[in-house]
Amino acid sequence: AQSVAQPEDQVNVAEGNPLTVKCTYSVSGNPYLFWYVQYPNRGLQFLLKYITGDNLVKGSYGFEAEFNKSQTSFHLKKPSALVSDSALYFCAVRDCEVTGGGNKLTFGTGTQLKVEL
Amino acid sequence: EPEVTQTPSHQVTQMGQEVILRCVPISNHLYFYWYRQILGQKVEFLVSFYNNEISEKSEIFDDQFSVERPDGSNFTLKIRSTKLEDSAMYFCASSEISGRGYEQYFGPGTRLTVT
């Protein structure tokens, strides 16, 4: 079974400071990992993904994430936060070793990011 | 930029009634999905659909749920006899062919309220 944990319900950061939103995962094989953002009354918007290759992946709006296999983590980062980054962030995983399936994503519970002036 | 659309944005129905939630996936995508998010809880997978058949479904997706691709553009989720606990935000998503490593693009959701 695949699972994702986002240990923080909320992260507060001052604008201009770096931000980190944590995510750890569990899969039986190798993971495909994704970050999505949800703004109020909107759907989930894709930010970035890790499939294979470089452990540091870059995505939309200046976000990046680092895949760490030994720690089974995929933390989302941004060097300088903006007030407009305030939203709900979801980490998701897909076990690439599972065959015959339909590409089900398993999501974490979400982390509310609040960036203040 | 192409996007997934869903209608209606909000549906209110009485317990026991049938509802159909509609989605128009991105036009060149071939994998389609439904997820739901009960208020305050995580996003949960319901079903995936490829080549006109269900490719995977969760334990939530019981006999009261069905999906259909009635034409070349729409993808629907039907709940035959709604229950109070079906109240949730339902998200449709789509991805390109060979979807394992491809990101899924989500629609804005339909908020279903069962009274």
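A compact table of results
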| item | result |
| --- | --- |
| Subset of the stretch A:33-42 that is more than 8 Å from every other protein chain (Cβ to nearest Cβ) and within 10 Å of A:TYR89 (Cα to Cα) - its residue that is most open to solvent (accessible area, probe 1.4 Å) | A:TYR39 |
| The stretch A:57-97 - residue that is among the aromatic types (Phe, Trp, Tyr) and touching a residue at least 60 places away in the same chain (Cβ under 8 Å) and, of those, farthest from A:VAL37 (Cα to Cα) | A:PHE90 |
| Residues satisfying the stated conditions in the stretch B:26-47, i.e. at pLDDT 95 or above and more than 9 Å from every other protein chain (Cβ to nearest Cβ) | B:TRP34, B:ARG36, B:LEU46 |
| Residue pairs meeting the criteria (Cβ under 6 Å; at least 6 apart or on separate chains; first under 15 Å from B:GLY107 (Cβ atoms) and at pLDDT below 90, in the stretch A:34-47; second open to solvent by less than 10 Å² (accessible area, probe 1.4 Å) and not in a strand (DSSP E or B)) | A:GLY43/B:GLY107; A:GLY43/B:GLY109 |
| Qualifying residues in the stretch B:8-19 (those that are surrounded by fewer than 16 Cβ atoms within 10 Å (Cβ to Cβ) and out of contact with any Pro (no Cβ under 8 Å at 6 or more places or on another chain)) - the one nearest to the other protein chains (Cβ to nearest Cβ) | B:HIS10 |
| Residue selected from the stretch B:62-102 under the condition closer than 24 Å to A:ASP95 by Cβ, away from chain A (no Cβ under 11 Å) and without any contact (Cβ under 8 Å) to a residue 24 or more places away in the chain, by the criterion nearest to the chain's Cα centre (by Cα) | B:PHE65 |
| All positions within the stretch B:42-58 that are open to solvent by 50 Å² or more (accessible area, probe 1.4 Å) and either farther than 21 Å from A:ASP9 by Cα or touching a Gly at 6+ places or on another chain (Cβ under 9 Å) (or both) | B:LYS42, B:TYR50, B:ASN51, B:ASN52, B:GLU53, B:ILE54, B:LYS57 |
| Close pairs (9 angstrom Cβ cut-off, 6 or more residues apart or separate chains): in contact (Cβ under 8 Å) with a residue 40 or more places away in the chain and small (Gly, Ala, Ser) in the stretch B:15-42, part of a loop (DSSP other than H, G, I, E, B) and surrounded by 20 or more Cβ atoms within 10 Å (Cβ to Cβ) anywhere | B:GLY16/B:THR82 |
| Qualifying residue in the stretch A:10-32 (condition: under 24 Å from B:CYS92 (Cβ atoms) and open to solvent by 50 Å² or more (accessible area, probe 1.4 Å)) | no |
| Some residue of the stretch B:103-112 being in a strand (DSSP E or B), more than 8 Å from chain A (Cβ to nearest Cβ), of a type outside the set (Gly, Ala, Ser) and surrounded by 20 or more Cβ atoms within 10 Å (Cβ to Cβ) | yes |
| Selection status of A:GLN45, within 10 Å of another protein chain (Cβ to nearest Cβ), on the phi < 0 side of the Ramachandran plot, open to solvent by 30 Å² or more (accessible area, probe 1.4 Å) and assigned to a strand (DSSP E or B) | yes |
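The values are calculated or read from the model by the stated rules, or taken from the named source; none is laboratory data. The model shown is predicted, which means the values in this text are computed figures rather than measured ones. Reconstructed Cβ throughout: ideal geometry from the backbone, glycine too, with neighbour counts over all protein chains shown. Just the protein is used for accessible areas: all its heavy atoms, side chains included, with ligands, DNA and RNA removed. Shrake-Rupley method; radii C 1.70, N 1.55, O 1.52, S 1.80 Å.
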